[in-house]
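See structure below.
The values are calculated or read from the model by the stated rules, or taken from the named source; none is laboratory data. Treat the numbers as computed from the prediction; the structure is a model and nothing was measured. Here the Cβ is made from the backbone with ideal geometry for all residues, glycine too, and neighbour counts use every protein chain on show. The protein model used for the area step is the full one, side chains on, heavy atoms only, and it has no ligands, DNA or RNA in it. Shrake-Rupley method; radii C 1.70, N 1.55, O 1.52, S 1.80 Å.
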Amino acid sequence: MFGGSDDGAADNRAALAVARAYLGATGRTLRLPKIGAGNYAFATAGGQVALDGITMAAEPGVKLTGPICFAPTARATDIPVDYRDAGGTEFENFRLPRYQGRPIEQKQRWLTIGDLDDRKLTAFNMTTVVAEKLDLLGSDTWVADASVSSSADTRTIDLTADGFIRAAFVPVRGGDEISVAFWPGSYIRAAVIRYAGGYATFYANDGLATLRVKPVGGSATESTGLSWFGRADNPAWAPNKAEWKIRIYDSRTWSLLLNGMEIIAPQTVAGPITDAGFGMYGLDAFTASMSYLTKTRRSEPSGLAPARILCIGDSTTEDIVGGWPYAMKETLEGSLGMRVWDVFNQAVAGQTSAQQLTALNANDAQLTIATHVVIHVGINDSQGAGPATTLANIDAMIDRAVSRGVPAARVVLCVPYLWYTKTLAGGVKGFNAGPNDAHWLLRAGIKRLAATRGCRLVDFQEVLAAVTPLDLTRPQQVDPIVRDNIHPTLYGYRAMGEAVAREVLAASALRMTQKMAAYPLHSTWLRNSWTLDGVRPAQIEVSADGVVALTGVLNKGTVAEPVVIAQLPANLRPATTREYAARTNTGSVTAIYVGTDGMITLAGFPSSVATFVSLDNIIYPLAD
């Protein structure tokens, strides 16, 4: 009508001008049909093409090419744009969104108090942090480091190739993240997490990395040659060109982010984490610096590593339009900062668990780069083989995934849903499925297998709820869940995909919490020869809202008054000195103090008759 062309060659500027004049008078929508190539091009000469005030609707396969101006008043329906201008700037796959220029009465999102960001930021002064060093390969003992020059923002060290890692530490607990920036130079950067009984460190320069965990007095375990998503493709992911961030999920779990992306899976240490920090290790003589040490306290993680998900199954999982793996991907994309880089689907219609196990054993190409595995098999088995065979095959699939680097905790087992036979559906339409009442043992067995192997679990029947042929008699009132007696409808697939997405996300991101389970006071925390009782050892625990509770008994050591019997690490101390009345084994009461320096001090202990003191009822909020 306006003389436009979608051949990808003709310039549509003149046609757009005519259309604009007409539409301005009528208020109608400019429709872009797919007649030829589907490419409505605009010449780069003549400046940007303004779409402001125009409402457009395009047929599938249509795109715009040229110097398109993305004016805020343009109204379009998912039209792809390949941008080109006379200055040589090009980019593809931009899409004019549905919400751009949408009338306010079509608003679909409101924020509530539950959407608010609860994070709290703290800037550390580099002159007051704990500066210590360690002979990395020769000692377990951290000692004070005097070879430091610091300002409020920056810590500078004259490094040498002496084998020492020099670090700055701050107290941390579950829900904390600490970040720092290292300055350029040829030296090793490191993140260090110290816990009761040892330390863990992740260190690298501009190449591959090493993860080292060293218990005090024990042998170190090392994982070397570590890399991560994007490391080989973009220099911004190199450790010497990234902001480093240590994330503390809970009292024993941590991970590391570079430039806002988690690059290693959460790591668990053997005891409560006490502090964490960043360090530098000399390759030769070099003056190295790190700056801007900051802590973020939050309850929800973000920046999760990209996912590559391998799906195993039969026709209920195979790659078809609208299948549940697509709904899973859509749900996951962007959740807590996760990108879904790949969904590999090896499912094949009609195959049993044995056939899919054979396929998995031959599928090294995808399995070795997968981060998660989702297993949904058993429907074809339950129409023939018994549950023992299916469970053994699923168990072997888990073994295979673990052998190729996918932890069992990132394997999702899916319990099959119910279906009905063609006879139950009226005997006329649909898939001629086998018996639908023979897999209750398999349902229970898969759940037990998930529990014993530490896998995630989705019960598709609980997700889809009742599946009955009665639904076929009420198509206007209820979705039938299965479209042909056995395979899900689009609604069913979407519900299944969202359920799997929740488990994949749960396998990737732990809850950030201050909660710490009861833990006996570590031997390095005890003072003046006081010891843990063999029956009721003194313990410490922390609630999710940061309240400390001490319980149990310490046996008598040195009793010179007043006597320090223990010192708590900096992350477990109160904001103000607290005084309590403590019971002894004689029934007498003694004063006990918990100071801001972590010292637990007794005063008035009846040393001539008493042999222990109880720490029960010592409760206080943690310092912020």
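List, please: which pairs have Cβ atoms under 9 Å, are six or more places apart or on different chains, and start with a residue in region 13-41 that is farther than 11 Å from residue 54 by Cβ and free of Cβ contacts under 8 Å to residues at least 60 places away in the same chain and end with one that is in a helix (DSSP H, G or I) and not aromatic (Phe, Trp, Tyr)?
40/15; 40/16
Hey, among 10, 37, 57, 43, which residue is out of contact with any helix residue (DSSP H, G or I) (no Cβ under 7 Å at 6 or more places or on another chain), under 17 Å from residue 81 (Cβ atoms), small (Gly, Ala, Ser) and part of a loop (DSSP other than H, G, I, E, B)?
Working: 10 fails: under 17 Å from residue 81 (Cβ atoms); 57 fails: part of a loop (DSSP other than H, G, I, E, B); 43 fails: out of contact with any helix residue (DSSP H, G or I) (no Cβ under 7 Å at 6 or more places or on another chain).
On inspection, the qualifying residue turns out to be 37.
Just give me the residues in region 536-563 being open to solvent by less than 10 Å² (accessible area, probe 1.4 Å), closer than 19 Å to residue 605 by Cα and not β-branched (Val, Ile, Thr), in sequence order.
Within region 536-563, 538, 550, 552, 554 meet the criteria.
What is the residue count in region 393-418 for residues that are in a helix (DSSP H, G or I) and open to solvent by less than 10 Å² (accessible area, probe 1.4 Å)?
Of the residues in region 393-418, 4 are in a helix (DSSP H, G or I) and open to solvent by less than 10 Å² (accessible area, probe 1.4 Å).
Before we move on, is residue 64 part of a helix (DSSP H, G or I), under 28 Å from residue 104 (Cβ atoms) and at pLDDT 90 or above?
no
Using the structure shown, decide if residue 483 is surrounded by 15 or more Cβ atoms within 10 Å (Cβ to Cβ), among the basic types (Lys, Arg) and at pLDDT below 95. Spell out the reasoning first.
Details: surrounded by 15 or more Cβ atoms within 10 Å (Cβ to Cβ): yes; among the basic types (Lys, Arg): yes; at pLDDT below 95: yes.
Considered against the rule, which asks whether it is surrounded by 15 or more Cβ atoms within 10 Å (Cβ to Cβ), among the basic types (Lys, Arg) and at pLDDT below 95, residue 483 comes out as yes.
Please verify whether region 182-196 includes one or more residues that are part of a strand (DSSP E or B), farther than 30 Å from residue 543 by Cβ and open to solvent by 30 Å² or more (accessible area, probe 1.4 Å). Step through it out loud before you land on a result.
First pass over region 182-196, keeping only residues part of a strand (DSSP E or B): 182, 188-195.
Right, trim to farther than 30 Å from residue 543 by Cβ and you get 182, 188-190.
Now drop any that are not open to solvent by 30 Å² or more (accessible area, probe 1.4 Å), which leaves none.
Looking for residues that are part of a strand (DSSP E or B), farther than 30 Å from residue 543 by Cβ and open to solvent by 30 Å² or more (accessible area, probe 1.4 Å), one finds none in region 182-196, hence no.
Which numbered condition in (1) over 30 Å from residue 135 (Cβ atoms); (2) touching a residue at least 12 places away in the same chain (Cβ under 8 Å) is the only one that residue 321 fails?
The failed condition is (2).
Looking only at region 26-56, how many residues end up being of a type in the set (A, V, I, L, M, F, W, C) and either modelled with pLDDT of 85 or more or open to solvent by 70 Å² or more (accessible area, probe 1.4 Å) (or both)?
Qualifying residue count for the region: 9.
Just the residues that are over 20 Å from residue 266 (Cα atoms) and not polar (S, T, N, Q), please, taken from region 171-195.
181, 182, 183, 184, 185, 187, 188
Return the total of residues in region 147-164 being open to solvent by 70 Å² or more (accessible area, probe 1.4 Å) and touching a residue at least 12 places away in the same chain (Cβ under 8 Å).
Counting residues in region 147-164 that are open to solvent by 70 Å² or more (accessible area, probe 1.4 Å) and touching a residue at least 12 places away in the same chain (Cβ under 8 Å) gives 3.
Can you find, within region 519-535, the residue that is surrounded by the fewest Cβ atoms within 10 Å (Cβ to Cβ) among those that are of a type outside the set (Gly, Ala, Ser) and within 22 Å of residue 586 (Cα to Cα)?
Looking at residues that are of a type outside the set (Gly, Ala, Ser) and within 22 Å of residue 586 (Cα to Cα), I get 535.
Of these, 315, 289, 353, which one is touching a residue at least 12 places away in the same chain (Cβ under 8 Å), within 20 Å of residue 503 (Cβ to Cβ) and more than 27 Å from the chain's Cα centre (by Cα)?
On the way: 315 fails: within 20 Å of residue 503 (Cβ to Cβ); 289 fails: within 20 Å of residue 503 (Cβ to Cβ).
Sole residue among the options that is touching a residue at least 12 places away in the same chain (Cβ under 8 Å), within 20 Å of residue 503 (Cβ to Cβ) and more than 27 Å from the chain's Cα centre (by Cα): 353.
Here are 620, 593: which of them is under 27 Å from residue 197 (Cα atoms), open to solvent by 70 Å² or more (accessible area, probe 1.4 Å) and either modelled with pLDDT of 95 or more or part of a loop (DSSP other than H, G, I, E, B) (or both)?
Numbers: 620 fails: open to solvent by 70 Å² or more (accessible area, probe 1.4 Å).
Just a single option satisfies the conditions, and that option is 593.
In this structure, is residue 498 open to solvent by 10 Å² or more (accessible area, probe 1.4 Å), at pLDDT 95 or above and not hydrophobic (A, V, I, L, M, F, W, C)?
The answer is yes for residue 498.
I need the full set of residues from region 225-257 which are at pLDDT below 95 and in a strand (DSSP E or B), in order please.
Answer for region 225-257, where residues must be at pLDDT below 95 and in a strand (DSSP E or B): 225, 226.
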